Amino acid sequence: MTSSKPLTDYEQGIVDNVQQYGCHITFVFDEKGDYPDFSYSIGFRKTVNQAEVIIFGLDRDLMHSMINNLLEQCQGGLELKEGAIISGLLEGHQCVARKVHASQIDEGYFNSSMWFHEREFGAELTEAMQIVWPGAYDGKFPWDHDSSEDVRVAQPALYEPRLAT
């Protein structure tokens, strides 16, 4: 299901990348440095019939490599589901897939994915997975009680309900 509305150059780039490479990756950064950088996928649903993914707090190129690697693993049979342990994304460490809570799927995190999903499927984006990485030195994840503050701050817990503001 595609719209007849002409696409902007940016939108056409997304469509072209999904068609040619299987996904498009968007990098988001906060110029002030108050919030962690993140990257998210666009096109996983169309290419591998899986949820879009988001990764926080690492180098842009590393996050993009991780998302591309995830796409390849999904093409090879990896199922992205809550608690899935994923190898091969970070040298020496495993990552964990966490289901993004519905209250956290919004334009602040998934703007282009939401647009693409509506364009391709005529429906809202309702599923996404956060790929969570452990601390480099202790191997602790943000939900571990003795995880470092740096690991927790770098990865907002989108798998928990959004706090009322």
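The values are calculated or read from the model by the stated rules, or taken from the named source; none is laboratory data. Please read these numbers as outputs of a predicted model, since none were measured by experiment. Using ideal geometry, Cβ is built from the backbone for each residue, glycine included, and neighbour counts are taken over all protein chains shown. Surface accessibility is based on the protein's heavy atoms, side chains included, excluding ligands, DNA and RNA. Shrake-Rupley method; radii C 1.70, N 1.55, O 1.52, S 1.80 Å.
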Taking the inverse of the average 1/r across all pairs of different Cα atoms in the chain, what Kirkwood radius in Å do you get? 16.3
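Can you work out the FRET efficiency for the pair Asp144 and Glu72, with r the C-beta to C-beta distance and R0 = 35 Å, to the nearest 0.05? Don't jump to the answer; show the numbers that get you there.
Details: r = 29 Å, r/R0 = 0.82.
Efficiency computed from Cβ-Cβ geometry: 0.75.
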For Tyr159, distant residues with modelled amide H under 5 Å away: His101
What's the angle, to the nearest 10 degrees (0 to 90), between helix 107-121's Cα axis and the longest principal axis of the chain? 40
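Find the eigenvalues of the gyration tensor of the Cα atoms of region 63-115, then list the square roots of 5 times those eigenvalues as equivalent ellipsoid semi-axes, largest first, in whole angstrom. Provide the component values of the computation, followed by the final result.
Values: eigenvalues 95, 35, 26 Å².
That gives 22, 13, 11 Å for the three semi-axes.
Is it possible to state the helix-based mean residue ellipticity at 222 nm for the chain, with each DSSP H run of 4+ residues giving -39500 (n - 2.57), the sum divided by total residues, to the nearest 500 deg cm²/dmol? What is it? Provide the component values of the computation, followed by the final result.
Numbers: 5 runs with 55 residues, N = 165.
Only helices count here, giving -10000 deg cm²/dmol.
Given a 1.4 angstrom probe, I'd like the percentage of the accessible area of region 53-165 that is carbon and sulfur, rounded to a whole number. Don't skip to the answer; put the middle values down first.
On the way: 2870 of 6000 Å².
Accessible surface attributable to carbon and sulfur in region 53-165 totals 48 percent.
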Per residue, how much accessible surface does region 99-165 expose to a 1.4 Å probe? Answer in Å², no decimals. 56
Could you check how many percent of all C-alpha pairs in region 107-165 are farther apart than 16 Å? 56
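Can you tell me, using C-alpha contacts under 8 Å and at least 6 residues apart, the relative contact order of region 1-121 as a whole percent? Write down the numbers at each step before the final one.
Numbers: 147 pairs, mean separation 25.7, N = 121.
Relative contact order of region 1-121: 21 percent.
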